[in-house]
Every structure is written in structure tokens, then in C-alpha cells.
């Protein structure tokens, strides 16, 4: 009888542990989103950057780029036939084949986002974080603190909005 109680208690503890260990952790997931965004930006992976944006926001960014390419083509009186996806792919290829000294000469600053604090809505679908954004290259470093709004859609977190004031 004593062994049964111990086994039952152990089973309850293991079940409770497995249920809480497998639950979502918004702070960890949002921190990973921030790291993925920085990695994508720092590697000029535009698809990766866009994938971090809330889908309707990503669609808007892509539509603006598509429109810009159409207007540029119309102004030059040529059909560029370039959409946002093609532009991202071309930018990545150009950066990849560019000699390292030219990339260094461009002085593209490296981006870092550090999550300072986070408030998650009761239903777990929205969050607001205070974030320190740092842009740094060999010659300078600049930081700003601001607020990023996040949204959880079908279990995945995305950037919904950002507000950084200088």
C-alpha cells in the first residue's frame, strides 16, 4: 500500500512537471524572436526579417516595395518585373558575392535588441516589451530604448509595432 501511494505521488509530480515544462514561455519565445530578427538583419536576410513581422504588416511592407519597383520602372520607362521576393533574393545574392572589403567599407551597423521588460496580456495573445536597440559598427555605437508590441498568432510571436524616440 505504501508503494502504491509513493508511485501515485510520483506519477502526479511527473505529470505536473511535464505539463508545466511543455507550456509556452512568452518571454523566452519573444527573446528568441528578437534574436532571430537581429540575426536576419545582420546577415541581410530580408526574408528572415520579414518573417518576424506580423503577417499583415509583412504584406504591407512587400506591397510598398512592389509598388516602388513599379513606379521606378515606370519612371525609367522599363518593365523591371521585380517583386519584393525577387528584390530580397537579389539583395542577398549581391551581398554574398560582394568582396569582404567592400562589405566592410559599407559599414552596415550590427543590430542588437535586448529585452528589458515584458508585459503579456492575460489571454497570451499580445505583449508589450521595453527594448534597448543598439546599432554598432567599428567606428560608432548608438542605442535607443523604446517599446515593441508583439502579437501571438497560432502559437508564433511576431513584431506588431515599434516605437523608438530619439
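Every listed requirement among (1) surrounded by 12 or more Cβ atoms within 10 Å (Cβ to Cβ); (2) at pLDDT below 65; (3) more than 18 Å from the chain's Cα centre (by Cα) is met by residue 88 save one, (3). Any residue at all in region 125-141 that's in a loop (DSSP other than H, G, I, E, B), surrounded by fewer than 16 Cβ atoms within 10 Å (Cβ to Cβ), at pLDDT 65 or above and in contact with a strand residue (DSSP E or B) (Cβ under 6 Å, 6 or more places away or on another chain)? There is at least one residue in region 125-141 that is in a loop (DSSP other than H, G, I, E, B), surrounded by fewer than 16 Cβ atoms within 10 Å (Cβ to Cβ), at pLDDT 65 or above and in contact with a strand residue (DSSP E or B) (Cβ under 6 Å, 6 or more places away or on another chain).
Of everything listed in (1) surrounded by 15 or more Cβ atoms within 10 Å (Cβ to Cβ); (2) in a loop (DSSP other than H, G, I, E, B), the single unmet condition for residue 122 is (1).
Return yes or no: is residue 69 surrounded by 12 or more Cβ atoms within 10 Å (Cβ to Cβ) and at pLDDT 85 or above? It would help to see each step written out before you state the result.
Numbers: surrounded by 12 or more Cβ atoms within 10 Å (Cβ to Cβ): yes; at pLDDT 85 or above: no.
Considered against the rule, which asks whether it is surrounded by 12 or more Cβ atoms within 10 Å (Cβ to Cβ) and at pLDDT 85 or above, residue 69 comes out as no.
Tell me which residues, restricted to region 36-54, are without any contact (Cβ under 8 Å) to a residue 24 or more places away in the chain and closer than 16 Å to residue 109 by Cβ.
Taking region 36-54 as the starting set, the residues that turn out to be without any contact (Cβ under 8 Å) to a residue 24 or more places away in the chain are 36, 39-40, 43, 48-49, 51.
Listed by number, the residues that qualify are 39, 40, 43, 49.
Would you pick out the residues in region 37-50 that are crowded, with 16+ Cβ neighbours inside 10 Å and modelled with pLDDT of 90 or more? Give the steps one after another, and end with the answer.
First, the residues of region 37-50 that are crowded, with 16+ Cβ neighbours inside 10 Å: 37-38, 40-41, 44-46, 48-50.
Within region 37-50, 37, 38, 40, 41, 48, 49, 50 meet the criteria.
The values are calculated or read from the model by the stated rules, or taken from the named source; none is laboratory data. No experiment lies behind these values; they were computed from the predicted model shown. Every residue, glycine as well, gets a Cβ built from its backbone with ideal geometry; the counts of neighbours run over all protein chains shown.
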